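The values are calculated or read from the model by the stated rules, or taken from the named source; none is laboratory data. Because the structure is a prediction, the values reported are computed rather than measured. Using ideal geometry, Cβ is built from the backbone for each residue, glycine included, and neighbour counts are taken over all protein chains shown.
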Amino acid sequence: MDNAIGVFDSGVGGLTVVRALMERLPFENIIYFGDTARVPYGVKSTETIAHYAREITEFLLNHQVKLLIVACNTMAAVAHQVITDLSPVPVLDVISAGAESAVARTRVKHVGVIGTPATINSNAYARAIHHHDSDIRVFSQSCPLFVPLVEEGWLDHEVTRLTAREYLKTVLCQDIDTLVLGCTHYPLLKPLIQSVAGESISLVDSAGAMAEATSSTLQRMKMKRVHETPPVYTYYVTDVPLRFQSIGERFLGRALANVRVVKW
Ligand code: DGL
């Protein structure tokens, strides 16, 4: 099926998921939506986030996507129901994918989760993890400063390291063996977080888990693109496409073209 996969996020961060998708499913067409005019979502109310999520879902459905991927952990945490209620096509989200990998990895059944305040306050990761195994203890910590630090490009900066030490203190003292990076931006801090957390802690990067889940869903529903010709990638943003492009190329690890601005 030639219809695109629709991926959406509050801004540029969801490109970490797009990158994993491009690697795992190199022939799939992708339409990405980044709400760069209204980012960050992670510090906004549930009602506001749900309202934004509804608008983006409608936009992508109007582009005949065959599958919706909620790359934004914050939207997945608080607006999952709103999105699935609207969508006639399957909806996958980063929280289920990340929770499943955390459950598969933990041996000591102590899992840490970090994310935006909205994601952590929603308790969505703990619920998703307990859905698979109610014996697992989940320790959560919101890390609101990580998003601006990543957007600034301070991926290996002393300020980011000190911030990470401070945030991770509370989860690291709980003898966790698995830490879920519950935000689109955090995979870019993976080396830094790994060095602060220590090599013995397994970091769950929801981008990779999401690409795996997408591949199996397409396979199962017989929706994989049959043509092995170069795919089309289109990026819609709501503001400042130049900044999206420069930061986006860092997230994507490759040149980014075909960026269009949407005026609501
Ligand atoms: N995309 C958001 C997330 O994954 C991070 C950025 C924001 O707060 O909007 O939670």
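Tabulated values for the structure
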read-out	value
Matching residues in the range 146-191 - criterion: being closer than 21 Å to Pro40 by Cβ, assigned to a loop (DSSP other than H, G, I, E, B) and hydrophobic (A, V, I, L, M, F, W, C)	Trp154, Leu155, Cys183
Residue match in the range 150-162 (condition: under 17 Å from the mean Cα position of the chain (by Cα), within 23 Å of Val78 (Cβ to Cβ), surrounded by 13 or more Cβ atoms within 10 Å (Cβ to Cβ) and modelled with pLDDT under 95)	yes
Any hit, the range 94-108, residues being of a type in the set (Asp, Glu), part of a helix (DSSP H, G or I) and away from the ligand (no atom under 13 Å from the Cβ)	yes
Residue in the range 57-65 that is modelled with pLDDT of 95 or more, within 11 Å of the ligand (Cβ to nearest atom) and touching a Gly at 6+ places or on another chain (Cβ under 8 Å) present	no
Among residues of the range 1-52, those that are assigned to a helix (DSSP H, G or I), more than 11 Å from the ligand (Cβ to nearest atom) and crowded, with 20+ Cβ neighbours inside 10 Å, counted	3
Residues that are touching a strand residue (DSSP E or B) at 6+ places or on another chain (Cβ under 9 Å), in a helix (DSSP H, G or I) and within 27 Å of Val39 (Cα to Cα), drawn from the range 192-242	Ile193, Gln194, Ser206, Ala207, Met210, Ala213, Thr214, Pro241, Leu242
Hits in the range 11-59 - residues which are among the aliphatic types (A, V, I, L, M) and closer than 19 Å to Gly208 by Cβ	Val12, Leu15, Val17, Val18, Ala20, Leu21, Met22, Leu25, Ile30
Matching residues in the range 69-81 - criterion: being buried (at least 17 other Cβ atoms within 10 Å of the Cβ) and over 15 Å from Ala211 (Cβ atoms)	Cys72, Asn73, Thr74, Met75, Ala76, Ala77, Val78, Ala79, His80
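Table: residues versus (1) over 17 Å from the mean Cα position of the chain (by Cα); (2) of a type in the set (A, V, I, L, M, F, W, C); (3) within 22 Å of Val89 (Cα to Cα).
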{"position": "Val7", "(1), (2), (3)": "no, yes, yes"}
{"position": "Val12", "(1), (2), (3)": "no, yes, no"}
{"position": "Met22", "(1), (2), (3)": "no, yes, yes"}
{"position": "Glu55", "(1), (2), (3)": "yes, no, yes"}
{"position": "Phe59", "(1), (2), (3)": "yes, yes, yes"}
{"position": "His63", "(1), (2), (3)": "yes, no, yes"}
{"position": "Leu67", "(1), (2), (3)": "no, yes, yes"}
